[in-house]
Amino acid sequence: MNAALRQALSPARCPSGGLRVSIEGEPCVLRCSGALWVLNHDTLIAADLHLEKGSAFAARGQMLPPYDSRATLDRLEAEIDALQPATVILLGDSFHDSKSVARMAPDDAARLHRLAAGRDWIWLEGNHDIHALAGTVDILPGEVIETLSLGSLRLIHEPRPGVQPGEVAGHLHPAARVAAHGRGVRRPAFVTDGRRAVLPAFGAFTGGLDVRDPAIAGLFADPPLAAALGRDKVHALAWETLR
């Protein structure tokens, strides 16, 4: 077992309830919200907000409570208030479809501008929102890019196959299933081996793919750490305990 994997499998508990790990040498905290805090760069990263997913379903006749964008922005604002990051990076699929920005309530759009004020705000393109983000320079704060390097980290929406040291990605919405109180519990989860990481979906209306699915497990040469989100702490789970 290499040193990076040993450190990833022995994370340190933070007062916030998060777990401190090293990803390709960069000290990071896996936050209870599902966001990644990159300490040396004062940067908050969140993946897969899927804003306006509820309104997208409503447009197709499937009625969901229309509060997903508000709930997701509440959680993002809480993280920004707690950490005061210099930079916020949204790791793709921030919007659910190509018309999401147009459907967004004016108050939510104004809120994004307030959250972005005084800091760098970066949208990475995802498969859901590559068209939603096009031509929004006058509507949304910040800049839109495809990939980004941050120290030894390489930020991208969709994980690439093969060995990718430093890659931090979203897209797959990892979730871990464990036994608790006599029943199976499924929670969003980070997955990392200390070399690369896949972030859980941050959005309120997002499903999850089991971390043991080949699409996720196949990204790692050795069994990685699954870090499941709890109400007030992130739970480090040994791979062999997962159902």
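Calculated from DSSP H runs of 4 or more alone, at -39500 (n - 2.57) each and per residue, what is the 222 nm mean residue ellipticity of the chain, nearest 500? The partial results should precede the final answer.
Working: 6 runs with 48 residues, N = 243.
-5500 deg cm²/dmol, from helical runs alone.
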* Asked: Over what distance in Å are the Cα centres of the stretch 88-115 and the stretch 27-41 separated?
  -> 22 Å
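Tally Lys and Arg at +1 and Asp and Glu at -1 over the other residues with C-beta under 15 Å from the C-beta of Glu146: what net charge comes out? List each step's numbers first, then the result.
Numbers: positive: Arg154, Arg160; negative: Asp93, Glu125, Asp129, Glu143, Glu158, Glu167.
After counting each charged neighbour, the total is -4.
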* Among the DSSP beta bridges whose two residues both lie in the chain, what percent are antiparallel, rounded to the nearest 5? -> 65 percent
* Structure fact -> Carbon/sulfur accessible area of the chain, % of total, 1.4 Å probe, equals 51 percent
* Any chance you could give the angle, 0 to 90 degrees and rounded to 10, that helix 68-83 forms with the longest Cα principal axis of the chain? => 60 degrees
* Once you put a point 7 Å from the Cα of Asp213 and another 7 Å from the Cα of His113, both along the Cβ direction, what distance in nm separates them? -> 3.8 nm
* Structure fact -> At the level of C-alpha centres, the distance separating the stretch 185-216 and the stretch 227-241, in angstrom, is 11 Å
* Charge dipole of the chain about the Cα centre (unit charges at C-beta), most positive-ward option of Ala47, Pro174, Pro223 -> Pro223
* Structure fact -> Expressed per residue, the solvent accessible area of the chain in Å² (1.4 Å probe) is about 45 Å²
* To do: Rounded to the nearest 10 degrees, what's the angle between the helix 106-116 long axis and the longest principal axis of the chain, both from Cα atoms, 0 to 90?
  => 50 degrees
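The values are calculated or read from the model by the stated rules, or taken from the named source; none is laboratory data. Keep in mind that this is a model prediction, so the values were computed, not measured. Backbone-built Cβ (ideal geometry, glycine too); neighbour counts: all protein chains shown. Heavy atoms of the whole protein, side chains included, go into the accessibility calculation; ligands, DNA and RNA do not. Shrake-Rupley method; radii C 1.70, N 1.55, O 1.52, S 1.80 Å.
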